[in-house]
Amino acid sequence: EHRRDSRQHMVRESHQDRELGTCPRESPSFHSRFTTLTISREPQSKHGARDGVMGTGQGCGSGAATTTTTLFEPGRDGQTPQVVVLVGAPGMGKTTMVRKVMVEWREGTLQTQFDFVFCIDCKAIVLPMEASVADLVSQCCPGLRVPAGKILDDQKRILFIFDGFEALGFSLVQPKAELSSHPREVKPLELTLMSLLKKTVLPEASLLITTRPTALGSLRRCLKGGEYYVEILGFLAARREEYFHKYFENPSKADMAFRFARGNEILYSLCVIPVMSWTICTILEQELCRKKNLLECSKATTGMMMFYLSQLLKHRERDNPQVLQQFLLQLSSLAAEGIWKHKVLFEEKDIKDRGLDQPDLLPFFLNERIPGEGEDCGSVYAFTHLHLQEFFAAMFYVLEDDGAMVSSLGRLEKDVNKLLESYNKSRRDLNVTVRFLFGLVSQKSIEYMDKTIGCRISPRAREELLEWLQGRHRGLSHPGQALKVSEMDTFHFLFEMNEKIFAQTALGPFTDLDLQDTKLILYDQMALSFCIQHWAGLGCVTLQGCSFHWQDPEAELDVSVPCSGVSGAGGHPNTPVVRRREELPCPIHLLCQALRHRDSALQVLRLQWCRLSESCCAELAALLAEHPGLVRLELGDSSLGDGGVRLLCEGLRAPGCRLRVLR
């Protein structure tokens, strides 16, 4: 009974702490919201980054991906760990994992080797105060019917959780003689906590410690050795879709949102970070409140990255924006230099030379890999995700600075043209950086960064971007022929900026669109649609050998998504439920919708070898009926079928049809 009482109390306490990334709405069941995070004891440095996530290289042991169920299971050496260190960058879900451990313990399903679990929130500790270990236990569970001293008698049945070790605001170097050796010994709180960590008191009790990578060096100096390190890897592929369904609850909205994210390879890759999945779901939920679907969603990748950045910095003091501006300038300089040199790992000297060794800012953006025992090298740092490095590399070129800052940014020049020309000639790996560059100089981005984050972005690069876009396509067009746009990335760049007038100006000199053998996923089609709607002079569209996809081709069939314990699944969490996806429009819906815009000058539409089917013919018929300027339509090598041709004939018979050539 006492064990049950204490469990219920501790779980109540843990629910009060909501780490960024958990669903902001209250839930009747923790299980219905929790999506399994994958953690690993295998050092990341052995197998490299997964999905662009930069690991700390900290683990040891079995090497298999694991969950909360195996935190205290024996390792490869057969030994059951007494101390487990759970490592993860901000937003990876450390506190959520702690809550999961405590809920499962209360329910008696996991960690049954412990009779008592006490969670110490390191972020909430107030100094100075004095307390013994027994006092801490009594304060954690004031309703316990068993005296604290009796609880502490059986040390092996106790688990202490230190959540957020990096937040401990006191010196971690304490003389051993001053540490506690008895649980009733009253000492300054920092000495009592250090005594638990160093195991001078309750040496047989177990510890679970969560920490950011940047605090690992300090933590290692506190511990006796022999601890197990495990690292949160975030959401692997199958869990990302599960998270979307648990966030939205409405299957139709969840499908729509996940399809949007899955269709954007940058966003989908970033969804490995739990707080980024939360960011994307939050923004898409707001979009769905304003419209019925996301096909015209104006939130490009850059906008979501800026929102993510604002959430990371939300609780930081903004009294001195110059300090943040300087830090971001130096951080973006580091990112840009790394992108140019194909470098994702940075030495401690790189960090200190730029003045980035600021404990209240650095952990939000960089993971630190502490060298293992016997390794001579110093600490090595990496951005939490490769796309974050690319985002900050783009910021390097547009963040405003003054002369003093420029002199300290190193040898790298803020030359936008050099970046663009290098991308054009050979460095196609700069694509994501260039895409973010376009997004950052939009008027909305400039205003958002200034008001929400407190950073100033210069609009000067806009003219250079415009000249480069127009120049690259003029060079690709043959003399005497119509000027055409034939690179899909141009549409991505303009969609990322999402400004009507800029797109009109950039596309104004061109009359033809010509794409060959291109796989057009949903995000590509949205970008293409946006540009076509703002391209008044577009007269000829040629899409030869292109294919249209609304979702991942591997997920075209009905899927099984783990149920969150709702009715119809027998009430069991994670029960697979087979359901039909929301009906999708025909593959060329967005294209035809854009081509029907009011100011369209379209005369020729070529969709050769695009494997169109009967489902596309209703859209084509509507285009024929509503677009009097269209005089030539080519549908070579399609499987329209008799039904499809009948639909086309309806469009041909419409009074508004002026078609002269059908192939």
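The values are calculated or read from the model by the stated rules, or taken from the named source; none is laboratory data. This structure is a prediction, so every number in the text was calculated from the model and none was measured. Please note: Cβ atoms are built from the backbone with ideal geometry, for glycine as well, and neighbour counts cover all protein chains shown. Surface areas here come from the heavy atoms of the whole protein model, side chains and all, with no ligands, DNA or RNA. Shrake-Rupley method; radii C 1.70, N 1.55, O 1.52, S 1.80 Å.
Tabulated data
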quantity	calculated
Additional length obtainable on full extension of the chain from H549 to R474, 0.36 nm per residue less Cα span	24.0 nm
Segment K341-A482, length gained on full extension (0.36 nm per residue, minus Cα span)	46.9 nm
Fraction of accessible area attributable to carbon and sulfur, region 237-298 (%, probe 1.4 Å)	48 percent
Accessible area in square angstrom per residue, region 237-298, 1.4 angstrom probe	33 Å²
Normalised per residue, the volume of the convex hull around the Cα set of region 237-298 (Å³)	74 Å³
Long pairs among K451/K500; K150/K246; K187/K349, criterion Cα-Cα beyond 30 Å	K150/K246; K187/K349
For region 518-527, Karplus couplings with θ = phi - 60° (6.51, -1.76, 1.60), whole Hz, Gly/Pro x	10, 7, 9, 7, 3, 4, 4, 5, 5, 5
J(HN,Hα) series, region 429-437, from Karplus relation 6.51 cos²θ - 1.76 cosθ + 1.60, nearest Hz, glycine and proline x	5, 7, 3, 5, 4, 5, 4, 5, 4
Estimated distance in nm for a label pair at S181 and N417, the labels positioned 7 Å out from Cα along Cα-to-Cβ	7.5 nm
Estimated vicinal HN-Hα couplings, Hz - region 270-286 in sequence order (Karplus 6.51, -1.76, 1.60; Gly, Pro = x)	5, 5, 4, 8, x, 5, 6, 4, 4, 4, 5, 4, 4, 5, 5, 5, 5
For region 585-660, the fraction of alpha-carbon pairs in successive 10 Å shells from zero, as %	21, 58, 21, 0
Gained length - D429 relative to K444, 0.36 nm times residue gap less alpha-carbon distance	2.7 nm
Lys, Arg +1 and Asp, Glu -1 on Cβ, resulting dipole of region 237-298 about Cα centre, debye, nearest 20	60 debye
When each of K341/K414; K100/K253; K314/K343; K156/K224; K94/K123; K123/K352 is checked by Cα-Cα distance, pairs over 20 Å	K100/K253; K314/K343; K123/K352
